[in-house]
1. Can you find a residue in region 3-25 that is in contact with a Pro (Cβ under 8 Å, 6 or more places away or on another chain) and over 27 Å from Ser106 (Cβ atoms)?
2. Identify, please: which residue in region 272-322 is among the small types (Gly, Ala, Ser) and at pLDDT 90 or above and is, among those, surrounded by the fewest Cβ atoms within 10 Å (Cβ to Cβ)?
3. Please report, ordered by residue number, the helices (runs of 4 or more DSSP H) entirely within region 26-101 with at least 2 residues that are out of contact with any helix residue (DSSP H, G or I) (no Cβ under 7 Å at 6 or more places or on another chain) and touching a residue at least 24 places away in the same chain (Cβ under 8 Å).
Amino acid sequence: MYDWQKQIQQIVDEIDRCIKNYNDEALTLRRLSRKLGYSEFYMTRKFKEISGMPFRDYLRQRKLAFALKEVRDNEKSFLDIAFDYGFSSHEAFTRAFKKMYGIAPSEYRKQPKPVVLRTKITSFDRYFLGLGEIGMVKSTKEIKTYFVTIPAHKFLHIKNNESNGYWDFWQKQSQIPGQDCDTISGLLDSIKGKLDDEGGSQNDSSSGQAMAYISDPAGRLCDWGFLRSECYGVRLPADYQGEVPEQMLLMDVPEAEYLVFEHGPFDYEQENRSVEEKVEQVMANFDFSDTEYTYDTTPGRVIYFYHDPERFWKYVRPVIKN
């Protein structure tokens, strides 16, 4: 199963590359299955076994996810978009788009709203996020530590007051209608203008999304310190006026200073646990003595956590001057 997970991930990556390059000719089951050296029938069965959905359904939904962002972000004609993503006509594209998202492309372009996109399958259950501030003042051999000032923004998210860790969070959320990982990630992926989305229009899986931890606004304590909620969401501009999905919350986050702990690219399969331990150890032992700061544990403050093995493992923690 492990080898098949790796091979299916290669196919999933190849699908995205072909869609981005408008290379529809390469997106046939025959060509993709040949890359693995298996028959079309066998690859179809294994793809569904590992991904949980038929290959053709995934391919169609992923194409539509890319096409929706084209509709949302530029003025390209619907006919050109239809041809770019393998549809035979404007009408065929409109039918598929409306069936998938419940709204016609022309209506969506006039007034975009959150819809559930088919995000990229990751057969190892990893997720891809990012944040780009710089300004290093300290370093270890493997982990950069630096202070940044992050402007006021909004945080659109779901939260759980009882979960403990990423996996437990999504297990608990999956028991709530409309709050499972695929639905929430798909909704967030469709929102334009995310601050961590490299411009807000990338076609990457789960672009601009982050875990977060919010200390209890009432300042309540438990045996190990302040209570906190685990969250998952996206940072948005302070003047964001878009629609808020009914299962999500939108909070204002004031301008503040943060301390970032960033480990560079790593091998997810081999190093994920050790990288986690290294980052947490550096955070726990960080020496504030030659700075003006300390961790800000004020009720309601937000800690952001980004996990992208191809780029970094990163915590962004609020700090306050002594």
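The values are calculated or read from the model by the stated rules, or taken from the named source; none is laboratory data. These numbers were taken from a predicted model, which means no experiment stands behind them. Don't worry about glycine lacking a Cβ; one is built from the backbone with ideal geometry, like all the others, and counts go over all protein chains shown.
1. The answer is no; no qualifying residue exists.
2. Ser289
3. Helices (runs of 4 or more DSSP H) meeting the threshold: 55-73.
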